Amino acid sequence: MALIFGVSTEVGGVENTSRFLGPLLEWLFPGFAPESLVGIRVVVRKFGHVAEYAILCVLCFRAIRTTRPCGLGRLTAEAVLISVAFAATDEIHQAFVPGRTGTPVDVLIDTLGAFCGAGVVVICSRRIRDGS
């Protein structure tokens, strides 16, 4: 959560991430029009939201699981709720950071990430339970 909060400052803004992401995309996709690279950069940044909140959800699940025994469904739901609540507060925080914007769309993208993390938790838990 501290890492996500830190990236929510100017550090994770488009201006700063474009310094390394732009040249990387130009290297990966030589000959692409600059407009196409801007679109790819947006997709990569949004995928970053999905990935970070999937990881957050898995880590929340692990933390909750060690504190008390509950069913898989309840633990997973709690991990998703914590992740989504943090996503909402993170976007509110970004609304007050110069050069950043907090948007409900990003909360939805983060929520998608949390559900992806929950899916990983459920699949892995069932495989471990079934011994496969």
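Looking at 52, 91, can you tell me which residue is surrounded by 17 or more Cβ atoms within 10 Å (Cβ to Cβ), free of Cβ contacts under 8 Å to residues at least 24 places away in the same chain, among the acidic types (Asp, Glu) and closer than 21 Å to residue 5 by Cβ? Working first, answer last.
Working: 52 fails: free of Cβ contacts under 8 Å to residues at least 24 places away in the same chain.
Of 52, 91, the one residue that is surrounded by 17 or more Cβ atoms within 10 Å (Cβ to Cβ), free of Cβ contacts under 8 Å to residues at least 24 places away in the same chain, among the acidic types (Asp, Glu) and closer than 21 Å to residue 5 by Cβ is 91.
If you check 55, 64, which single one turns out to be part of a helix (DSSP H, G or I), over 13 Å from the mean Cα position of the chain (by Cα) and modelled with pLDDT of 90 or more? If you could, list the steps in order and put the result at the bottom.
Working: 55 fails: over 13 Å from the mean Cα position of the chain (by Cα).
After applying the criteria, what remains is 64.
Might you let me know whether region 12-31 holds any residue that is assigned to a helix (DSSP H, G or I), under 14 Å from the mean Cα position of the chain (by Cα) and either over 30 Å from residue 123 (Cα atoms) or modelled with pLDDT under 85 (or both)?
yes
Looking only at region 94-115, which residues are more than 10 Å from the chain's Cα centre (by Cα), hydrophobic (A, V, I, L, M, F, W, C), surrounded by 15 or more Cβ atoms within 10 Å (Cβ to Cβ) and in a helix (DSSP H, G or I)? First the steps, then the outcome.
Of the residues in region 94-115, the ones more than 10 Å from the chain's Cα centre (by Cα) are 94-105, 108, 115.
In the following step, the residues that additionally are hydrophobic (A, V, I, L, M, F, W, C) were identified as 95-97, 105, 108, 115.
Add one more test, that the residue is surrounded by 15 or more Cβ atoms within 10 Å (Cβ to Cβ), and what stays is 97, 115.
Residue satisfying the conditions is 115 alone.
Considering only residues that are in contact with a helix residue (DSSP H, G or I) (Cβ under 7 Å, 6 or more places away or on another chain) and surrounded by fewer than 18 Cβ atoms within 10 Å (Cβ to Cβ), look in region 67-80 and name the one that is modelled with the lowest pLDDT.
First, the residues of region 67-80 that are in contact with a helix residue (DSSP H, G or I) (Cβ under 7 Å, 6 or more places away or on another chain): 72, 75-76, 78-80.
Those still in the list that are surrounded by fewer than 18 Cβ atoms within 10 Å (Cβ to Cβ) too: 72, 78.
Numbers: 72: 90, 78: 96.
Step by step, filter region 67-80, then rank; the result is 72.
Does residue 83 meet the test of being surrounded by 12 or more Cβ atoms within 10 Å (Cβ to Cβ), touching a helix residue (DSSP H, G or I) at 6+ places or on another chain (Cβ under 8 Å) and hydroxyl-bearing (Ser, Thr, Tyr)? Step through it out loud before you land on a result.
Working: surrounded by 12 or more Cβ atoms within 10 Å (Cβ to Cβ): yes; touching a helix residue (DSSP H, G or I) at 6+ places or on another chain (Cβ under 8 Å): yes; hydroxyl-bearing (Ser, Thr, Tyr): yes.
For residue 83, the condition - surrounded by 12 or more Cβ atoms within 10 Å (Cβ to Cβ), touching a helix residue (DSSP H, G or I) at 6+ places or on another chain (Cβ under 8 Å) and hydroxyl-bearing (Ser, Thr, Tyr) - is met.
Write out, first by first residue and then by second, each pair whose Cβ atoms fall under 8 Å of each other, whose residues are 6+ apart or on separate chains, and whose first residue, in region 120-132, is closer than 14 Å to residue 80 by Cβ while the second is aromatic (Phe, Trp, Tyr) and surrounded by 10 or more Cβ atoms within 10 Å (Cβ to Cβ).
Listed by first residue and then by second, the contacts come to 121/61.
Just give me the residues in region 67-88 being of a type in the set (Lys, Arg) and either in a loop (DSSP other than H, G, I, E, B) or touching a residue at least 60 places away in the same chain (Cβ under 8 Å) (or both), in sequence order.
Passing the criteria: only 68.
The values are calculated or read from the model by the stated rules, or taken from the named source; none is laboratory data. Note that the coordinates shown come from a computational prediction; the quantities given were computed from them, not determined experimentally. In this analysis, Cβ positions are derived from the backbone assuming ideal geometry, glycine residues included, and neighbour counts consider all displayed protein chains.
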